[in-house]
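Peer 1: Following this message is one structure expressed as structure tokens.
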Amino acid sequence: MGIDKQRMWLAFLTAPLLPGLLLSITLNARDGAVTGAIFLGSVVFCHLPSLLFGLPLVLYLESRKKLYMSNLILPGACVGILVFHLFLAYVVDFYGGADHTYTYRFSWFSWLAGGGLGIVITILFSVIAGYPAARMFDRPDRK
């Protein structure tokens, strides 16, 4: 099973756009500059870890002939949690005001939201790249 490099790079470029798009729509900022800044900031926060963690994982799994969506879900969720926490901590620290009246605390919601976004991005990435969902087991007694 060889991977199509063009589809893989297309997936690496497009799948991490989803959180920025969702965040821009969710916040519904009336100012276009603020929406654009939020979108660009989240894109940077998502593309960098995608390339730092996702690319080596995809290349490793491809070399082992184990590149399936099911093998990418758990690492995708873990990276999603990490990136979500770093993004929220950065945003709260940056926009918390000079007196730092706002503090960022880890919560179950942030774990679920980060993991959920990581899983959704991983599934979107796998679909765009054309990876199979799971390995179809070859049973020796059925040959």
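The values are calculated or read from the model by the stated rules, or taken from the named source; none is laboratory data. This is a predicted model, so every value here is computed, not measured. All Cβ positions, glycine included, derive from the backbone under ideal geometry; neighbour counts span all protein chains shown.
Peer 1: Going through segment 50-72 one residue at a time, which ones are surrounded by fewer than 17 Cβ atoms within 10 Å (Cβ to Cβ) and either under 17 Å from Ala113 (Cα atoms) or of a type in the set (A, V, I, L, M, F, W, C) (or both)?
Peer 2: Matches in segment 50-72: Leu51, Leu52, Phe53, Leu55, Leu57, Leu59.
Peer 1: Kindly list the number of the only condition in (1) within 13 Å of the chain's Cα centre (by Cα); (2) under 15 Å from Ala129 (Cα atoms) that fails for Lys66.
Peer 2: Single failed check for Lys66: (1).
Peer 1: Say whether the condition of being part of a loop (DSSP other than H, G, I, E, B) and at pLDDT below 90 is met by at least one residue in segment 16-27.
Peer 2: Checked against the condition, which is being part of a loop (DSSP other than H, G, I, E, B) and at pLDDT below 90, segment 16-27 yields at least one hit.
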